[in-house]
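Input: a single structure, listed below in structure tokens.
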Amino acid sequence: MIKKINIAIDGPAASGKSAAAALLAKKVDYNYMDTGIMYRSFTEYCLKKQIPFDSEDLVTQALELFEMKWVNGHFLFNGQPVTDEIYSANVTKNVPKIAALPEVRKIIVKRIQDIVKTQGFIVVGRDIASVVLPDAQLKIFLTSSLHARSIRRYKQYIKEGINIKQEQVYEDMLLRDNTDKNRSTGRLIIVEDAKVLDNSDYDLQVTVAKLTSLYHNYFSH
Ligand code: CDP
Ligand code: CDP
């Protein structure tokens, strides 16, 4: 049997990380973990509880009480599975504010590391190769142009019946990219040993094929 490794996949919003990594995980029989879900679920919780985002102390206290469990390959938050609410416009707009708080990042990074104790994980996020799993054997930075990404996200919204203008999706994504790239800790960077894959001109199937090649190449070198 082929030895399992850990794979870190980072990249900006709508670069195809989640969709492509989930398909790769199925293909190679790995655990797939999307860490964006942790930041989104906690942001949804803070909005619901009206925790003031500008008080890092209150947000951190809330996070200490917000249970995140990984059960049979899925997250449970305070015992509940995730709902579509975490992808709402309000959560999407606010999540970078929560994700920019260094104490919040410290706790969530530790929680991911506590789950990923063995090999055989594909972990997707922004700071996976740089902070969470610097020892991951394969590090991939998946990216695409802002134009391609905003069209993809716009199509997702339309499919889900969300009424939004394409220009708005572009503006929101630009703002989120900038916040994710410029925060003080865990910012989105390309680490030196990452394989960079720009999939602006590829569809999902080709993207998965390219990722699969990177995976097999790791073992042949
Ligand atoms: O799917 P999409 O790319 O829109 O976002 P996501 O991966 O669900 O992540 C939502 C937000 O969570 C990002 O914009 C980041 O601010 C934050 N995030 C992070 O800071 N670190 C991670 N490892 C994952 C997500
Ligand atoms: O996880 P992330 O935010 O990076 O992106 P995603 O949610 O996996 O992908 C955003 C949308 O783009 C999904 O509907 C994907 O199926 C689609 N996609 C695409 O059309 N072409 C690609 N090469 C990659 C993803």
Fully extended contour minus Cα-Cα distance, from LEU76 to ASN90, at 0.36 nm per residue: 2.9 nm
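Given 4 °C and 1.567 mPa s, how large is the Stokes-Einstein diffusion coefficient of the stretch 47-136 in µm²/s, with Rh as the Kirkwood radius over Cα pairs?
89
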Accessible surface of the chain [probe 1.4 Å, protein heavy atoms]: carbon and sulfur percent: 53
Selection from ALA19, VAL104, TYR87 lying farthest towards where the dipole of the chain points positive, charges on Cβ: ALA19
Nonlocal amide H pairs with TYR32, under 5 Å, H built at 1.01 Å: ILE122
Amide H contacts under 5 Å for ASP198, placed H, 5+ residues apart: THR143
Heavy atoms of ASP172: accessible area, 1.4 Å probe, square angstrom to 10: 70
Dipole in debye (nearest 20) - the stretch 22-81, about Cα centre, beta carbon charges: Lys, Arg +1; Asp, Glu -1: 360
Heavy-atom accessible area per residue - the chain, 1.4 Å, Å²: 53
Separation of the THR212 and PHE53 label points, Cα + 7 Å toward Cβ, nm: 4.0
Inter-label distance for ILE190 and HIS147, nm, one decimal - labels placed 7 Å from Cα along Cα-to-Cβ: 1.9
Coordinate range along principal axes, alpha carbons of the chain, Å, largest first: 51, 40, 31
Heavy-atom accessible area order for THR185, THR92, largest first, 1.4 Å probe: THR185, THR92
Sequence-distant residues sharing a close amide H with ILE5 (under 5 Å, placed H): GLY120
10 Å Cβ shell holding at most 10 others, DSSP loop, trypsin sites (Lys or Arg not before Pro): longest site-free stretch of the chain: 4-116
Too-long pairs where the Cα-Cα distance tops 30 Å, listed order kept, from LYS117/LYS210; LYS4/LYS97; LYS69/LYS155; LYS3/LYS210: LYS4/LYS97; LYS69/LYS155
Rounded accessible area of ASP177 (nearest 10 Å², 1.4 Å probe): 10
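The values are calculated or read from the model by the stated rules, or taken from the named source; none is laboratory data. This one's a predicted model, so the numbers in the text were calculated from it and none came from an experiment. Note that we place each Cβ from the backbone using ideal geometry, even for glycine, and neighbour counts take in every protein chain shown. Each accessible area value is taken on the protein alone, full model and side chains, heavy atoms only, with ligands, DNA and RNA left out. Shrake-Rupley method; radii C 1.70, N 1.55, O 1.52, S 1.80 Å.
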